[in-house]
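Engineer: Let me begin by handing over the structure; questions about it come next.
The values are calculated or read from the model by the stated rules, or taken from the named source; none is laboratory data. All values derive from a computational prediction rather than experimental measurement. Neighbour counts run over all protein chains shown; Cβ positions are idealised from the backbone, glycine included. Ligands, DNA and RNA are excluded from the accessible area calculation, which covers all protein heavy atoms including side chains. Shrake-Rupley method; radii C 1.70, N 1.55, O 1.52, S 1.80 Å.
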Amino acid sequence: MTMDLEGKLIVVTGAFGALGSAVTLAAQVAGARVAAIDHAPSPGTALAAAELFGGVDLADTKAAGKAMERAAVALGGIDGLVNVAGTFRWETLADGSLDTWDLLYRINLRTAAAASRAALPHLKRSAGGRIVNIGAGAAEHASAGMGAYAASKAGVARLTEALAAELKDARVTVNAVLPSIIDTPPNRADMPEADFERWVKPNELADVIVFLLSDRAIAVTGALIPVNGRV
């Protein structure tokens, strides 16, 4: 990988999970300094080269604001934000709970909105601010048991489009990647009979995100980019 992010100051949410860790490491390899934020406790040495902020509930606007300020102080500003924070549940409407819809809205959509809102003053001061959201291919057409998840990720897509329009004159781009199935340990455990080689690897998705954070993607905003692997 070329040093596409040399000198960039990047914040990654949900940074301690499989995809968040891959994005953090890929951004660092590309030359960025990274602040890693997560609801989970700091993982210690696994992401030692990043500024680590654990125990943050990004769905809480005050907590999101404080975390983003701390990240900006630690990095010296913010040029890019990657909203990885999210979760998944499979349940049908009849046999599930409406609380699941609230949970997935809060974790998948509200965290992205709150983190983006908190980062905006810093991104607008950047020479080329970037926001990259994690949507989902499943949001385009929901199958059985995917209603709550797909609805929350459809919200991420609409947030991406609206925010891109709001920020185009501020020279801040906003895009989303729409992965199919990401090859993570939880997904392998849930689908042990699947062909894992067809799934999207976290590092492959991270490479697309690094491009969207880079100066080479200056003309791309409001895009919802499928990253399907061979699914």
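Engineer: Go through Ala142, Ala170, Ala150 for me and flag whichever is among the small types (Gly, Ala, Ser), touching a Gly at 6+ places or on another chain (Cβ under 8 Å) and on the phi < 0 side of the Ramachandran plot. I'd like the intermediate steps shown before the answer.
Structural biologist: Working: Ala142 fails: touching a Gly at 6+ places or on another chain (Cβ under 8 Å); Ala150 fails: touching a Gly at 6+ places or on another chain (Cβ under 8 Å).
On inspection, the qualifying residue turns out to be Ala170.
Engineer: Identify all residues within the stretch 38-71 that are surrounded by fewer than 15 Cβ atoms within 10 Å (Cβ to Cβ) and of a type in the set (A, V, I, L, M, F, W, C); write none if there are none.
Structural biologist: Listed by number, the residues that qualify are Ala40, Ala46, Ala48, Ala49.
Engineer: (1) touching a Gly at 6+ places or on another chain (Cβ under 7 Å); (2) modelled with pLDDT under 95: which one isn't true of Asp38, the others all being true?
Structural biologist: In the conditions (1) touching a Gly at 6+ places or on another chain (Cβ under 7 Å); (2) modelled with pLDDT under 95, Asp38 misses (2) alone.
Engineer: Run Ala74 past the list (1) over 14 Å from the mean Cα position of the chain (by Cα); (2) modelled with pLDDT under 95; (3) open to solvent by 10 Å² or more (accessible area, probe 1.4 Å) and report the number of the one that doesn't hold.
Structural biologist: Here Ala74 meets the rest and fails (2).
Engineer: Output the qualifying pairs, or none if there are none: Cβ atoms under 7 angstrom, residues six or more apart or on different chains, first residue in the stretch 12-29 and over 17 Å from Ser116 (Cα atoms) and of a type in the set (Val, Ile, Thr), second residue at pLDDT below 95 and assigned to a helix (DSSP H, G or I).
Structural biologist: Thr24/Leu47
Engineer: Would you call Glu91 surrounded by fewer than 17 Cβ atoms within 10 Å (Cβ to Cβ) and either among the small types (Gly, Ala, Ser) or in contact with a helix residue (DSSP H, G or I) (Cβ under 7 Å, 6 or more places away or on another chain) (or both)?
Structural biologist: Working: surrounded by fewer than 17 Cβ atoms within 10 Å (Cβ to Cβ): yes; either among the small types (Gly, Ala, Ser) or in contact with a helix residue (DSSP H, G or I) (Cβ under 7 Å, 6 or more places away or on another chain) (or both): yes.
For Glu91, the condition - surrounded by fewer than 17 Cβ atoms within 10 Å (Cβ to Cβ) and either among the small types (Gly, Ala, Ser) or in contact with a helix residue (DSSP H, G or I) (Cβ under 7 Å, 6 or more places away or on another chain) (or both) - is met.
Engineer: Name the residues in the stretch 154-172 that are without any contact (Cβ under 8 Å) to a residue 60 or more places away in the chain and either open to solvent by 10 Å² or more (accessible area, probe 1.4 Å) or in contact with a Cys (Cβ under 9 Å, 6 or more places away or on another chain) (or both), would you?
Structural biologist: Those that are without any contact (Cβ under 8 Å) to a residue 60 or more places away in the chain and either open to solvent by 10 Å² or more (accessible area, probe 1.4 Å) or in contact with a Cys (Cβ under 9 Å, 6 or more places away or on another chain) (or both): Ala154, Gly155, Arg158, Leu159, Ala162, Leu163, Ala165, Glu166, Lys168, Asp169, Ala170, Arg171.
Engineer: Condition first: open to solvent by 30 Å² or more (accessible area, probe 1.4 Å) and not polar (S, T, N, Q). Now tell me which residues in the stretch 18-37 satisfy that.
Structural biologist: Hits for the stretch 18-37 are Ala18, Leu25, Val29, Arg33.
Engineer: Here's a follow-up. If I ask for residues that are assigned to a helix (DSSP H, G or I) and either closer than 22 Å to Glu69 by Cβ or of a type in the set (Ser, Thr, Tyr) (or both), which ones from the stretch 122-158 would you list? Give the steps one after another, and end with the answer.
Structural biologist: Going through the stretch 122-158, the residues assigned to a helix (DSSP H, G or I) turn out to be 122-125, 137-140, 147-158.
Passing the criteria: His122, Leu123, Lys124, Arg125, Tyr149, Ser152.
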